[in-house]
């Protein structure tokens, strides 16, 4: 952010008299601010033992409360299974958690947990076991 401010201090004297350059510079600055505000801060899987699970993604700036939170709630009645999948990313094998659920029209949907941060297998295994325990004891 400091580098951006110093770059702006260097560029501003050259473009301040031309309205098109000022508009273009404002547009570039707006894109930079948006990309910083859109970064993923954390993701979580919340288990509500008698109701279902909720997948959350929190976005914003690291030193402020989240600016945007995306939530997907999956009730136990719609949740068929919660699994660990493996996928290829280049030459690497990545593991990810997925909730397999049915919609109101009986279509099968796959909801990926932690799809932005993709934690390593040991972390996924802890979350998987917790959700499986709750899924087997729900009711």
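The table that follows gives values for the structure above.
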quantity	calculated
Residue among 44, 50 that is surrounded by 13 or more Cβ atoms within 10 Å (Cβ to Cβ) and farther than 19 Å from residue 104 by Cα	44
Condition broken by residue 62, with the remaining ones in (1) buried (at least 16 other Cβ atoms within 10 Å of the Cβ); (2) over 15 Å from residue 114 (Cα atoms); (3) within 18 Å of the chain's Cα centre (by Cα) satisfied	(1)
Filter result (surrounded by 12 or more Cβ atoms within 10 Å (Cβ to Cβ), free of Cβ contacts under 8 Å to residues at least 24 places away in the same chain and assigned to a loop (DSSP other than H, G, I, E, B)) within region 102-139	119
Flag for residue 29 being under 30 Å from residue 11 (Cα atoms) and within 18 Å of the chain's Cα centre (by Cα)	no
Hey, residue 70 touching a residue at least 60 places away in the same chain (Cβ under 8 Å) and within 17 Å of the chain's Cα centre (by Cα) or not	no
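None of the figures in this text is laboratory data; all of them are computed from the coordinates on show. Because the structure is a prediction, the values reported are computed rather than measured. Every residue, glycine as well, gets a Cβ built from its backbone with ideal geometry; the counts of neighbours run over all protein chains shown.
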